[in-house]
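K.L.:
Have a look at this one.
The values are calculated or read from the model by the stated rules, or taken from the named source; none is laboratory data. The shown structure was predicted, so the numbers you read here are calculated from the model rather than taken from an experiment. Here the Cβ positions follow ideal geometry from the backbone for every residue, glycine too, while neighbour counts run over all protein chains shown.
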């Protein structure tokens, strides 16, 4: 419950780059197939605003959601979680 509350108050400066990239990957696949956020929300059983937050990276997709999305879109789930290697790790010089 607390994590759901904190997820809702995050701002764009709090967006994790990995979550953001996954959201961009999902969005790209939706565009490629001519689908919109409302269709994705229906597929996942969540509201469109929740999908919007996931696509923006404000909150993350659950692993099971990514698997369901990949199956529905007919693509490997790995395509949705592809991210560029991190070139710098916080706290490591």
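K.L.:
So residue 75 fits all but one of (1) surrounded by fewer than 16 Cβ atoms within 10 Å (Cβ to Cβ); (2) in a helix (DSSP H, G or I); (3) at pLDDT 95 or above; what number is the exception?
P.N.:
Every condition holds for residue 75 apart from (2).
K.L.:
Filter the range 45-67 down to residues that are under 19 Å from residue 78 (Cβ atoms), part of a helix (DSSP H, G or I) and in contact (Cβ under 8 Å) with a residue 12 or more places away in the chain, then give me how many there are.
P.N.:
4
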